[in-house]
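J.: Take this structure first; my questions come after.
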Amino acid sequence: MKIVADSSVPFVEGIFEPYSEVVYKEGASITPEDVRDADALLLRTRTRCDARLLEGSSVKMISIAAIGMDNVDHQYCDSHSIFVQNASGAVAGGVMDYVFSALYGTASRRSIPLSGLTFGVIGCGSSGSAVEKMARQLGFKLMLCDPPRARAEGEGQFCSLDELLSESDIISLHVPLNESTRRMADASFFAKMKVGAFFINTAHGAIVCENDLIAAIPKLGPVVIDAWDNEPDINTRLMDMVDIATPHIAGYSYQGKLNSTTAAVRAIARFFGFKELFEYFAKPDVEGLAATRVDVTGKSQGEIASIFQYNYPIFTDDFLFRMDPGGFERIRAGYRYRREFYID
């Protein structure tokens, strides 16, 4: 048996060697020749899995150590009986920390009071639900938009996109990328937003029409962008206009990476019957990085902002990226995973 693994998947080296030949390569440089006789691929999001890569190969299973799967041609995989599994929910905690460090950090820089504001979450999967929970704990009013969940569960707690855009003071995107969400944040989307509203995208760059966002920025409040169209060739004009710019690292927490690798390893183990790895959990290689509880009870907005920045100094990531926007992939590959924080 043969597994081809993206060398940037953390904590995985040595795990499958007792069961299979394992070839490690940088994700973007994996070729059709590499996978021709492979049974499984263990990847992140930088390997395009389509007919060009997979045609004529023996690949039976693709395990993605990430949430996003837009690098996979699902129609091709379905038609060729290639099973695809992602690490759903693995990075929700890291994304949540990113959103609130960015929110309180930019509000402090612009002297914007957050008390009484309405927080709109678009997409209520694992990351969106984590953001929703934190927003409730911090006392925000909530508006939630998730059409698939609304159809499955009933309208109940969910509202329409138009309602959310027109009434929310803070908008955070957490939708998957598909044909219904691609370019959803366009000129019409931004025209419906409130003047001065926050806009945060940690989901996928192709959800946003970046030129329309550029045109809307004078109307908006703080804008935070972690996911970019055409990564790694980002729009530097947009970067120059936003309050926080980072190279798609919102989910890059230490716990998130442990969770992602755990899910990816278990998926391969269960597919191929490696019973000893069914309950595998990635082991940390650094002590003292457990998620930390923070206490915001009775704290002012400024004090909360200080606590969040202490636990995740997001402006450092922003600064390093602005100094080298062409280093998008290098910064991601060398990112020092941060410890997650949470409140009860």
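J.: Quick one: ranking Ser300, Ser253 by accessible area, 1.4 Å probe, largest first, what do you get? Working shown, then result.
T.: Working: Ser300 55, Ser253 0 Å².
In descending accessible area the options line up as Ser300, Ser253.
J.: A follow-up question, please. Which entries of Lys219/Lys299; Lys133/Lys194; Lys194/Lys257; Lys141/Lys257; Lys141/Lys192; Lys192/Lys299 show an alpha-carbon separation above 25 angstrom in the structure shown?
T.: Values: Lys219/Lys299 31 Å; Lys133/Lys194 23 Å; Lys194/Lys257 36 Å; Lys141/Lys257 31 Å; Lys141/Lys192 19 Å; Lys192/Lys299 33 Å.
From Lys219/Lys299; Lys133/Lys194; Lys194/Lys257; Lys141/Lys257; Lys141/Lys192; Lys192/Lys299, over 25 Å: Lys219/Lys299; Lys194/Lys257; Lys141/Lys257; Lys192/Lys299.
J.: Which whole-Hz ³J(HN,Hα) couplings does region 128-139 yield from phi under the Karplus relation 6.51 cos²θ - 1.76 cosθ + 1.60, θ = phi - 60°, glycine and proline marked x?
T.: Running phi through 6.51 cos²θ - 1.76 cosθ + 1.60 with θ = phi - 60° gives x, 5, 5, 5, 4, 4, 5, 4, 5, 4, 8, x Hz.
J.: Using a 1.4 Å probe and ignoring any ligands, DNA or RNA, find the accessible area of Cys124 and quote it in Å² to the nearest 10.
T.: Ignoring ligands and nucleic acids, Cys124 comes out at about 0 Å².
J.: Still on this model: As I understand it, the dipole of the chain uses +1 on the Cβ of Lys and Arg and -1 on the Cβ of Asp and Glu, about the Cα centre. Which of Ser172, Leu117, Ile30 lies farthest toward its positive end?
T.: The residue sitting most towards the positive pole is Leu117.
J.: Find how many whole Å separate the alpha carbon centroid of region 220-257 from the alpha carbon centroid of region 278-344.
T.: Centre-to-centre (Cα) distance: 15 Å.
J.: Let me ask something else. Assuming R0 = 41 Å, what is the FRET efficiency of Glu167 and Gln309, from their Cβ-Cβ distance, to the nearest 0.05?
T.: Once the sixth-power term is evaluated, E becomes 0.90.
J.: Leaving ligands, DNA and RNA out of it, report the carbon-plus-sulfur percent of the accessible area of region 48-148 at a 1.4 Å probe.
T.: Result for region 48-148: 51 percent of the exposed heavy-atom area is carbon or sulfur.
J.: Label points 7 Å out from Cα along the Cβ direction at Arg110 and Val294: separation in nm?
T.: Distance between the two pseudo-spin positions: 2.0 nm.
J.: Here is a further query. Met323 to Ser7: extension gain in nm, 0.36 nm per residue of separation minus the Cα-Cα distance? Show your work: numbers first, answer last.
T.: On the way: separation 316, 0.36 × 316 = 113.76 nm, distance 2.61 nm.
Full extension of this stretch gives 111.2 nm more.
J.: What is the angle, in °, between the Cα long axis of helix 314-323 and the longest principal axis of the Cα atoms in the chain? Nearest 10 is fine, range 0 to 90.
T.: With rounding to tens, the tilt is 70 degrees.
J.: From zero up to wherever the largest Cα-Cα distance of the chain sits, split into 20 Å bins and tell me the percent of pairs in each.
T.: Histogram of Cα-Cα distances, whole percents per bin: 30, 57, 13, 0.
J.: Per residue, how much accessible area does the chain show when a 1.4 Å probe rolls over the protein heavy atoms, in square angstrom? Intermediate values should be presented prior to the final figure.
T.: On the way: 14910 Å² over 344 residues.
For the chain, the per-residue accessible area is 43 Å².
J.: Moving to a separate point now. What residues qualify as long-range amide H neighbours of Trp228, i.e. H under 5 Å apart, gap of 5 or more or another chain, H built at 1.01 Å from N?
T.: Sorted by chain and number, the residues that satisfy this are Gly205.
J.: Let me ask something else about it. Report the charge-dipole magnitude of region 96-218 in Debye, nearest 20, computed about the Cα centre from +1 at each Lys and Arg Cβ and -1 at each Asp and Glu Cβ.
T.: Details: 11 positive and 13 negative charges, 61 e Å.
So the magnitude is around 300 debye.
J.: Report the local net charge at Tyr312: Lys and Arg +1, Asp and Glu -1, summed over other residues whose C-beta lies under 11 Å from its C-beta.
T.: In short, -1.
J.: Charges only on Cβ, +1 for Lys and Arg, -1 for Asp and Glu: so what's the dipole of the chain about the Cα centre, in debye to the nearest 20?
T.: About 560 debye.
J.: Is it possible to state the helix-based mean residue ellipticity at 222 nm for the chain, with each DSSP H run of 4+ residues giving -39500 (n - 2.57), the sum divided by total residues, to the nearest 500 deg cm²/dmol? What is it? Walk me through the numbers before you get to the answer.
T.: Values: 14 runs with 124 residues, N = 344.
Helices in the chain give a 222 nm mean residue ellipticity of -10000 deg cm²/dmol.
J.: Quick one: pull the percent of accessible area on region 231-344 belonging to carbon and sulfur, 1.4 Å probe, ligands and nucleic acids left out. Write out the running numbers ahead of the final one.
T.: Numbers: 3070 of 5820 Å².
The C+S portion of the solvent-accessible surface of region 231-344 is 53 percent.
J.: Roughly what would the spin-label model give for Asp240 and Tyr76, points 7 Å off Cα along C-beta, in nm?
T.: 3.7
J.: Also, quick follow-up: In whole Hz and in residue order, list the ³J(HN,Hα) couplings for region 296-312 that follow from phi through the Karplus curve 6.51 cos²θ - 1.76 cosθ + 1.60, θ = phi - 60°; x for Gly and Pro.
T.: Per residue, the Karplus-derived 3J(HN,Hα) values read 10, 4, x, 8, 6, 4, x, 5, 5, 4, 5, 5, 5, 5, 5, 7, 9 Hz.
J.: In whole Hz, what ³J(HN,Hα) sequence does region 166-178 give by Karplus (6.51, -1.76, 1.60; θ = phi - 60°), x for Gly and Pro?
T.: 7, 10, 8, 8, 9, 10, 10, 8, 9, 8, x, 8, 8
J.: Right, something else. In nanometres, what is the gap between the two model label sites at Ser188 and Asp212, each 7 Å from Cα along Cα-to-Cβ?
T.: 0.8
J.: Measuring from centroid to centroid over Cα atoms, what is the spacing of region 29-64 and region 120-197 in Å?
T.: Their Cα centres are 34 Å away from one another.
The values are calculated or read from the model by the stated rules, or taken from the named source; none is laboratory data. It should be emphasised that the depicted structure is a prediction, and the values quoted were computed from it without experimental measurement. With ideal geometry, Cβ positions are generated from the backbone for all residues, glycine too; neighbour counts draw on all protein chains shown. Keep in mind that these areas ignore ligands, DNA and RNA; they rest on the heavy atoms of the full protein, side chains included. Shrake-Rupley method; radii C 1.70, N 1.55, O 1.52, S 1.80 Å.
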